[in-house]
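Participant: Here it is: the structure, laid out below.
Laboratory data are not the source of any read-out in this text; all were calculated from the coordinates shown. Keep in mind it's a predicted model, so treat the numbers as computed, not measured. Here the Cβ positions follow ideal geometry from the backbone for every residue, glycine too, while neighbour counts run over all protein chains shown.
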Amino acid sequence: MIGRIWHGWTKPENADKYERLLKEEIFPGIAAKGVSGYKGIQLFRRPINSDEVEFITLMWFDSWEAVKQFAGEDYQRAYVPSKARELLARFDGHSQHYEIRERLEY
């Protein structure tokens, strides 16, 4: 299992709009791509200070091939649709990838 982690930051006044965009358009659009081996996505949100809200996405893939099917050969490049870019103050241009060595759920 591969975890793909990405960070983005927005202003507090855009945070709810950005979260809604992710949940209503971007995440369903990712699922609609039909990538074999895409297992899902998680969204994390936290206020950094009065000027910034951080978002982290964690995507799950069952193989490196699935990651590349989603992101292309330059799989480390971040996937940030233009609608999202309009609401973000800044974002990572690259995603980090980790092999999941253990995953426990209780």
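Participant: If you put +1 on each Lys and Arg Cβ and -1 on each Asp and Glu Cβ, how big is the dipole of the chain around its Cα centre, in Debye rounded to 20?
Facilitator: 120 debye
Participant: In whole Hz, what ³J(HN,Hα) sequence does the range 76-82 give by Karplus (6.51, -1.76, 1.60; θ = phi - 60°), x for Gly and Pro?
Facilitator: Karplus values, whole Hz, x for Gly and Pro: 6, 5, 5, 9, 10, x, 4.
Participant: Lys and Arg at +1, Asp and Glu at -1: add these up for the other residues within a Cβ distance under 10 Å of PHE61 and post the number.
Facilitator: +1
Participant: While we're here: Summing +1 for each Lys or Arg and -1 for each Asp or Glu, what net charge is found among the other residues whose Cβ lies under 13 Å from the Cβ of ASN14?
Facilitator: 0
Participant: May I ask you to evaluate 6.51 cos²θ - 1.76 cosθ + 1.60, the Karplus curve with θ = phi - 60°, for each residue of the range 62-69 and list the ³J(HN,Hα) values in order in whole Hz, giving x for glycine and proline?
Facilitator: Values per residue, Gly and Pro as x: 8, 6, 5, 4, 5, 4, 5, 5 Hz.
Participant: Here is a further query. Give a residue-ordered list of calculated ³J(HN,Hα) values for the range 97-106 (Karplus: 6.51 cos²θ - 1.76 cosθ + 1.60, θ = phi - 60°; whole Hz; x for Gly, Pro).
Facilitator: Each residue of the range 97-106 in turn: 10, 9, 6, 7, 8, 7, 9, 10, 10, 10 Hz.
Participant: Still on this structure, I have one more. Of the listed values [x] 38, 32, 23; [y] 72, 25, 17; [z] 84, 24, 20, identify the label whose number matches Cα extents along the principal axes in Å calculated from this model.
Facilitator: Among [x] 38, 32, 23; [y] 72, 25, 17; [z] 84, 24, 20, the one derived from this structure is [x].
Participant: Between VAL80 and LYS39, take the C-beta separation as r, use R0 = 25 Å, and let me know the FRET efficiency to the nearest 0.05.
Facilitator: 0.75
Participant: Can you list the lysines whose alpha carbon is less than 28 Å from that of LYS68, not counting same-chain residues fewer than 8 positions off?
Facilitator: List returned: LYS23, LYS33, LYS39, LYS83.
Participant: First select every other residue whose beta carbon is under 12 angstrom from the beta carbon of SER50; then total the charges, Lys and Arg +1, Asp and Glu -1.
Facilitator: Counting the neighbours of SER50, the net charge comes to -2.
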